[in-house]
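Enquirer: I am attaching a structure below and will ask some questions about it afterwards.
Nothing in this text is a laboratory measurement; each read-out follows from the coordinates by a stated rule. Here the structure is a predicted model, which means the values were calculated and not measured. Every residue, glycine as well, gets a Cβ built from its backbone with ideal geometry; the counts of neighbours run over all protein chains shown.
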């Protein structure tokens, strides 16, 4: 009996101490380059409910065995991880709330059918099961003029037993402008949204060094026009196109949405076509390129001065990540190395002090105007890549122009929080909660008549 008691005590103290050690990541604002600590912080945040249960186990063991030390460590774990879940699960503060953007009775504008597969609250133990969507992969939506280079996308359609909402969500993946691909860690997210009747277009836009930022913005606009022209095939209202994405994809979505009527950012073959979107979603995207240049220490890692050599950066992924990803590691282009990922000088023709006008031109905040579409901004306060201060400033500019805007800033949360263990992650759930309700608010009554006249195309189940 004593042996069993000692074994349980050892297990409790080791697990509780490990959880307490992991909680330290919540209090550290990382600065690039620090990829290993960044990944660790993301996993600790995603597993915070598990660490809270570990702490509860430690507290119970401490109480049952009379060990004050184990009890205190366990209680600390319960407190710190429960507080984290509580904080990230709170609604956005005013003036970034849904009430501020869409009125006090905004929820009444969402139909009961839309709410069928909503998350019941901002955090659940696990994403609820939903019917399987219909997925068609590697559809060509454009060919780059003068070449045979085809742009591909995946189309996610609602399950057969779910009525289409009439809305399409064009999603642009994170990439740091240099790597990754469509269909990267987004399946739980897309499956959940498709169950609400939405069509998702997951876009593989061109990356550097194949193209520059203008080429990426052009690819985004090509995707918008293609969906509008093919909307009837998917039961989509061409006036109900939402564009969004994560990280670099969010930046491109904001650029495309805010420059819809600016011919400078439209490829020639789209002249005269409607490139507008009814709303835009930014998940930890950057709105100011000069700010992200300095926030990610590119003034130290991409150039030298006579008295200071360039700061070293990682050149490849940690071995355990390569092993875990298997063949996906190469498909997503993650074998390119980190030395050029996110570097802006090659994309923009110089550093901010050399071409400030170019950095401003490709910064979404520059293009804010009163006719910008409704905007959802979700950003972690500890973001290692995209400076949260820039998103706060973008939000203030949108409010000045009276653009309906929801802005949710998640405390102690880092970049790409929605891609790690999204089925159980509290921060992923908070983002999904905001996105699903924001999308539902873009579904207008006009869609009810529209979808009666259309028949969505069939595709293979996901």
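Enquirer: Treat each spin label as a single point 7 Å out from the Cα along the C-beta direction, and report the residue 27 to residue 327 distance in nm.
Expert: So the two model labels end up 4.6 nm from each other.
Enquirer: Measuring from label point to label point, each 7 Å out along Cα→Cβ, what is the residue 65 to residue 36 span in nm?
Expert: Using points 7 Å along Cα→Cβ, the separation is 3.1 nm.
Enquirer: Could you give the alpha-carbon Rg of region 2-88 over 2.2 N^0.38 Å, rounded to two decimals? Kindly include the intermediate steps, with their values, before the conclusion.
Expert: Values: Rg = 14.1 Å, N = 87, 2.2 N^0.38 = 12.0 Å.
After normalising by residue count via 2.2 N^0.38 Å, the value is 1.18.
Enquirer: How much of the calculated P(r) for region 87-212 lies past 17 Å, in percent of all Cα pairs?
Expert: Details: 5341 of 7875 pairs.
For region 87-212, the share of Cα pairs beyond 17 Å comes to 68 percent.
Enquirer: Could you calculate the FRET efficiency of residue 121 with residue 299 from 1/(1 + (r/R0)^6), where r is the beta carbon distance between them and R0 is 51 Å, rounded to 0.05?
Expert: Working: r = 43 Å, r/R0 = 0.84.
Once rounded, the FRET efficiency stands at 0.75.
Enquirer: Show me the three semi-axes of the equivalent ellipsoid for region 139-241, from the C-alpha gyration tensor (sqrt of 5 times each eigenvalue), largest first, rounded to whole Å.
Expert: Numbers: eigenvalues 124, 50, 20 Å².
In descending order, the three semi-axes are 25, 16, 10 Å.
Enquirer: While we're here: What is the ratio of the Cα radius of gyration of the chain to 2.2 N^0.38 Å, where N is its residue count, to two decimals?
Expert: On the way: Rg = 23.1 Å, N = 462, 2.2 N^0.38 = 22.6 Å.
Rounded to two decimals, the normalised Rg is 1.02.
Enquirer: Given points 7 Å out from each Cα along the Cα-Cβ axis, report the residue 111 to residue 148 separation in nanometres with one decimal.
Expert: Going from the residue 111 label point to the residue 148 one covers 4.5 nm.
Enquirer: Please report the base-10 log of the normalised intensity I(q)/I(0) for region 60-114, using a Debye sum with one equal scatterer per alpha carbon and no solvent, at each q in 0.24, 0.26 (1/Å).
Expert: -0.93, -0.96
Enquirer: Using a Förster distance of 41 angstrom, determine the FRET efficiency expected from the C-beta separation of residue 43 and residue 345, and round it to 0.05. Numbers along the way, then the final one.
Expert: On the way: r = 32 Å, r/R0 = 0.77.
Efficiency computed from Cβ-Cβ geometry: 0.80.
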